[in-house]
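What follows draws every value from the coordinates through simple rules; no lab data is involved. The structure displayed is predicted, hence computed values, not measured ones. Positions of Cβ are generated from backbone atoms using ideal geometry, with glycine treated the same way; all protein chains shown enter the neighbour counts.
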Amino acid sequence: MEKKELLYEGKAKKVYTTEDPDILIVSYKDDATAFNGLKKGTIVGKGAINNRMTNHIFGLLEKEGVPTHLVKELDDRETAVKKVEIVPLEVIIRNFSAGSFAKKMGMEEGIQFKCPTLEFSYKNDDLGDPFINSYYALALGLATQEEIDAITKYAFKVNEVMQKYFASLNIELIDFKIEFGRYHGQIILADEVSPDTCRLWDKDTHEKLDKDRFRRDMGNVEDAYQEVFRRLGIADRE
Ligand code: ADP
Ligand code: UDP
């Protein structure tokens, strides 16, 4: 499969068209941004780790009944995916307090919730991805009730599968963001799941193994991404 034209260049990935109108190629970059693009940098090796981790986890999710955009990993950084129309909602699931939630609720980080939470942000860089609820999404025509129901069901399933899987790697899944798209009338999981989009803490030491190390200038950013990649057990190709 060959790249044809650059369709879109985002903050972390480039997206190319292919001969097949239903298939895109995503190419993961080492570029890192935070605070809506205000902070910029590079995390060496991140592109390959995020690509391979996303595909590995999307494979597990498919087996558990969550449809995803994954078609084929092409190389370390590039993957063929189903071209979807992205639903402009960032879907955030949280198991523990952290980040903007902890700040908003005046809580310290790392408090376990009684049950997972789900929230939506309107995916709009100019507005800084504002928090919205499902009524706003319906009122603005961002998604239908059926789509919101499917997204909600899949998002909690993704959490269940990932929480269990990361626990087996001695990693606590604190929170994460996912995106869904429309593909021939169906809602499927798109974009990525990686240390860029998940908060991952070592279960014993509570060491942060994710992009917060970059956001908060904590150092050892590359090491953290490598450590997650190592625990996934996919670093050595056959
Ligand atoms: P951003 O747009 O936030 O800077 P990225 O650099 O990750 O983010 O760019 C990738 C873009 O591709 C995102 O806007 C994402 O919503 C979109 N995308 C992800 N998967 C698909 C897909 N299967 N089909 C179409 N677009 C996708
Ligand atoms: N997140 C993301 N992209 C965003 C905003 C958040 O991937 O544009 C992820 C983030 O990595 C974390 C979760 O969503 O795992 C919850 O983030 P939060 O709302 O706490 O925002 P933050 O503190 O990152 O601003």
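Using a cut-off of under 19 Å, list every residue of the stretch 216-238 whose amide N is near the label point 7 Å from the Cα of residue 76 along the Cα-to-beta-carbon line. Inside the label zone: 221-238.
Here the chain was treated as a single set of alpha-carbon atoms; its pair distances binned every 5 Å from 0 give 1, 6, 14, 18, 20, 20, 13, 6, 2, 0, 0 percent.
Taking the Cα of residue 22, stepping 7 Å toward and past its beta carbon, and measuring to each backbone N in the stretch 144-186: which are under 18 Å? Only 181-186 fall inside the zone, counting backbone N under 18 Å.
With the Cα gyration tensor of the stretch 122-175 giving a ≥ b ≥ c as the square roots of its eigenvalues, does the rule (a/c under 1.5 for rounded; else a/b larger than b/c for prolate; else oblate) give rounded, prolate or oblate?
Oblate, because a/c is 1.5 or more while a/b does not exceed b/c.
In this simple spin-label approximation, residue 203 and residue 152 carry label points 7 Å from Cα along the Cα→Cβ vector, and these lie 3.1 nm apart. In the stretch 90-238, taking the dipole from charged Cβ atoms about the Cα centre, the farthest positive-side position among 122, 218, 195 is held by 122.
Straight Cα distances below 19 angstrom link residue 114 to the aspartates and glutamates 160, 172, 175, with same-chain residues fewer than 8 positions distant left out.
Taken about its Cα centre, the stretch 1-97 carries a charge dipole of about 460 debye when Lys and Arg each add +1 at the Cβ and Asp and Glu each add -1 at the Cβ. Here 194, 168, 121, 100 are placed in order of increasing Cβ neighbour count within 10 Å, fewest first, which gives 168, 100, 121, 194. Report the FRET efficiency, 1/(1 + (r/R0)^6), for residue 126 and residue 104, where r is their Cβ-Cβ distance and R0 is 25 Å, rounded to 0.05. Taking R0 as 25 Å, the efficiency between residue 126 and residue 104 is 0.70.
Counting only C-alpha contacts under 8 Å and six or more residues apart, can you give the relative contact order of the stretch 106-195 as a whole percent? Relative contact order of the stretch 106-195: 15 percent. If the segment from residue 1 to residue 34 were pulled out straight at 0.36 nm per residue, it would be longer than the present Cα-Cα gap by 8.6 nm.
When a/c is below 1.5 the answer is rounded, else prolate if a/b is larger than b/c, else oblate, so apply that to the stretch 184-234 with a ≥ b ≥ c taken from the square roots of the Cα gyration tensor eigenvalues. Verdict is prolate for the stretch 184-234. One decimal place: the segment residue 8-residue 218 gains 72.5 nm when fully extended, by the rule 0.36 nm per residue minus the C-alpha distance. Taken along the Cα-to-beta-carbon direction at a fixed 7 Å, the label points for residue 114 and residue 144 span 3.5 nm. Phi-derived couplings, Karplus 6.51 cos²θ - 1.76 cosθ + 1.60 at θ = phi - 60°, listed residue by residue for the stretch 86-100: 5, 6, x, 10, 8, 9, 10, 10, 10, 10, 9, 5, 5, x, 5 Hz, with x used for Gly and Pro. Based on DSSP H segments of at least four residues, each scored -39500 (n - 2.57), the chain has a per-residue ellipticity at 222 nm of -9000 deg cm²/dmol.
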